[in-house]
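Please treat every number below as a calculation from the coordinates, not as lab data. What you see is a predicted model, and the numbers here were worked out from it, not measured in a lab. Note that each Cβ is placed from the backbone with ideal geometry, even for glycine, and that neighbours are counted across all protein chains shown.
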Amino acid sequence: MKSIKNLTRFTYETAAFQGWRLSISRAGAVFTKYFSDKKYGSEKKSFAAAETALAGLNALLEGAKRVNGKHTATTIRKAGKLLEQV
């Protein structure tokens, strides 16, 4: 599978982690979550979970209110909860 914007594949043979990393930076806030192949069962399933989380996070951040160019604390908290649920 090919990496797409904001999703990066980690497949190092010497590392304990193999899976996908979602990392997105918007308006001064950085959101990162790892999707392990081991936890989700396969590379395809972890990618699907990462894609779902990315779509939800993009939807939340696109419609979010900004104050002085930064996301509000409420938006950041909602994004954190969204990433925890996946």
Shape descriptors of the chain over alpha-carbon atoms, Rg and Dmax in angstrom, are 13.8, 44
Quick calc, the chain, dipole around Cα centre from Cβ unit charges on Lys, Arg (+) and Asp, Glu (-), nearest 20 debye, gives 280
For the chain, longest principal axis from Cα atoms; helix 73-85 axis from its Cα atoms; angle between them, nearest 10 degrees, is 20
In the structure shown, of LYS44/LYS78; LYS38/LYS81; LYS5/LYS44, the pairs separated by more than 24 angstrom at the C-alpha atoms are LYS44/LYS78
Label model pair LYS81, LYS65: point-to-point distance (7 angstrom along the Cα→beta-carbon line) in nm is 1.6
Lys and Arg at +1, Asp and Glu at -1: neighbours of ALA49 with Cβ under 15 Å from its Cβ sum to +3
For the chain, longest principal axis from Cα atoms; helix 43-62 axis from its Cα atoms; angle between them, nearest 10 degrees, is 10
